[in-house]
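First up is the structure itself, then whatever we jot down about it.
Bear in mind that the values in this text are calculations on the coordinates, not laboratory data. Just so you know, these numbers come straight off a predicted model, no measurement behind them. Because the Cβ atoms are built from the backbone with ideal geometry, glycine has one as well, and the counts that use them run over all protein chains shown.
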Amino acid sequence: MANGTDTALFIVLLIMAGSFGVWYTSNDGFSNQSDDALESSDDSVIVTDSNGVKHKFAEPPTRVALTNTYAATVMRMLEIDPSVVVGVSGDFDDETIWPEFINTPMVQYSAHSEIDFESLLDTRPDVYIVFATNGMVDTEAIRNLLEPVGVKVLALDFYKYDYLRDEINVLATLFGKEEQAAAIFDEFDEIESMVEQRISNVSDESRPQIVMEHHASLTRDPVVLTGTSQWTDVIEKAGGVNVFADLPGHTTHVSMEAIIGENPDILMFDGITFDIGFNSYDSNNKCESHMNLISERDGFDSVSAIANNKMIIMSGEFAGPMMIHGLPTLAKYFHPDLFEDVDAEEILDEYFSQYHGIDRIGKFVCDSTVVAA
């Protein structure tokens with residue numbers, strides 16, 4: 001009986017998808033065209049996403065579904081009208097920062113969960129913005145399911161330093177917000193130049209050696225972030241060295257002995273699963289518990305980062321569109337003497353005030369020095 005129900009549901013979804021495809025194709029003459037057609041000369045806009053896929057639009061999209069807050073943040077930064085958003089994920093559940101989306105239909109539980117295709121198709125989106133290279137999101141499978149029924153799958157991460165400006169430019173071009181993008185990039189340049197100038201005379205030998213561990217690092221074999229991760233560029237721009245940058249993959253397992261052998265000056269952890277960030281306060285002291293467990297690893301008492309109490313957990317915002325505004329926070333942690341007069345907290349406050357129109361609230365960094373105080 002269950003198999004029959006599943007089959008019937010699948011047929012219903014196919015009929016819905018087919019009906020949606022007919023509706024969409026009749027309203028958009030640019031769906032599923034070849035590269036040659038995309039290159040044709042007219043007044044349409046062509047953008048290339050972070051999977052290298054070209055998309056052609058006759059006009060700016062008026063119905064957009066979002067899977068993650070990073071994309072929504074960039075839309076805010078570019079002053080794109082939020083009314084175009086017709087579907088979101090459960091990641092927008094904090095009405096303090098996302099009040100405009102409280103009543104927007106939910107099309108999936110989170111950015112990493114399965115899509116509710118029935119809910120998604122009900123919203124009739126022109127575009128579905130998803131992560132491009134996140135290991136927990138099968139972007140290609142999503143594209144194969146949705147593009148045949150007329151939904152353009154625009155793959156953009158907004159969490160990789162090397163591609164952040166390019167990805168912002170994609171949305172700026174698509175929505176005619178090039179002037180806003182230029183102003184954002186001017187601000188990026190100002191912050192980056194300030195940091196670069198202050199660390200320019202720091203020798204390679206004087207730069208702190210960093211091990212950046214994944215939040216899942218309480219297993220027997222720790223998981224570290226490598227050179228292709230979103231954090232390595234930020235660490236280097238802040239004047240540090242990721243000692244495991246040359247290892248393959250985005251993340252990889254290493255032995256306890258490997259970390260001890262590298263003897264890092266600082267141990268960092270990404271805070272995406274910790275209760276920190278906007279309107280989050282680590283109320284259950286997970287940061288302290290995590291750091292205590294790390295410091296109690298066999299042989300770690302001889303590691304410089306443990307001996308000198310230098311561990312830091314940074315919230316997920318630092319690995320998203322806020323990364324350049326967060327750069328002074330990390331640079332000041334690495335080189336406090338060089339940034340003594342820099343108010344990194346004020347830079348974060350201004351980011352939230354300027355781009356989100358809200359006061360920054362919450363705990364964004366867990367510092368072992370503060371935890372131990």
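If you split all Cα-Cα distances of the range 272-315 into 5 Å bins from zero, what percentages do you get per bin, shortest first?
Pairs per bin, as whole percents: 5, 21, 28, 18, 14, 10, 3, 0.
Over all directions, what mean area does the Cα convex hull of the range 32-159 project, stated in square nanometres? Walk me through the numbers on the way to the answer.
Numbers: hull surface 30.9 nm².
Projected area, direction-averaged: 7.7 nm².
List, in the order given, every pair from LYS286/LYS310; LYS177/LYS332; LYS177/LYS237 whose Cα-Cα distance in the structure shown is over 22 Å. Could you put the intermediate results ahead of the total?
Working: LYS286/LYS310 17 Å; LYS177/LYS332 33 Å; LYS177/LYS237 28 Å.
Distance filter (> 22 Å) returns LYS177/LYS332; LYS177/LYS237.
Which of the peptides 318-329, 137-148 is most tightly packed, and how do the rest follow, going by the mean number of other Cβ atoms within 10 Å of each residue?
Numbers: 318-329: 23.3, 137-148: 16.2.
Ranking, from highest mean packing down: 318-329, 137-148.
To check my understanding: the extent here is largest minus smallest coordinate of the Cα atoms along each principal axis. What are those three numbers for the range 141-219, in Å, largest first?
Its Cα atoms span 56, 45, 16 Å along the three principal axes.
Looking at the range 182-372 from every direction and averaging, what is the projected area of its Cα convex hull in nm²?
Averaged projected area of the range 182-372's Cα convex hull equals 10.8 nm².
Per DSSP H run of at least 4 residues, take -39500 (n - 2.57); add these up for the chain, divide by its residues and hand me the 222 nm value, nearest 500 deg cm²/dmol.
Details: 14 runs with 141 residues, N = 373.
It comes out at -11000 deg cm²/dmol, rounded to the nearest 500.
Cβ under 10 Å from GLN108's Cβ, GLN108 left aside: what net charge do those residues give with Lys, Arg +1 and Asp, Glu -1? Don't jump to the answer; show the numbers that get you there.
Details: positive: none; negative: ASP91, GLU114, ASP116.
Net of charged neighbours comes to -3.
To test your reading of the geometry: what angle, between 0 and 90 degrees and rounded to tens, separates the Cα axis of helix 2-27 from the longest principal axis of the chain?
For 2-27 against the chain, the angle is about 80 degrees.
Taking the chain as the reference, fit the longest principal axis to its C-alpha atoms, fit the long axis of helix 178-199 to the helix C-alpha atoms, and give the angle between the two in degrees, 0 to 90, nearest 10.
In the chain, helix 178-199 runs at an angle near 10 degrees to the longest axis.
Using a 7 Å offset from Cα along Cα-Cβ at ARG220, what residues in the range 254-283 end up with backbone N under 20 Å from the label point?
Label zone hits: 254-261.
In square nanometres, what is the average projected area of the Cα convex hull of the chain? All intermediate terms of the calculation are to be shown ahead of the outcome.
Numbers: hull surface 86.0 nm².
For the chain, averaging the hull's shadow over all directions gives 21.5 nm².
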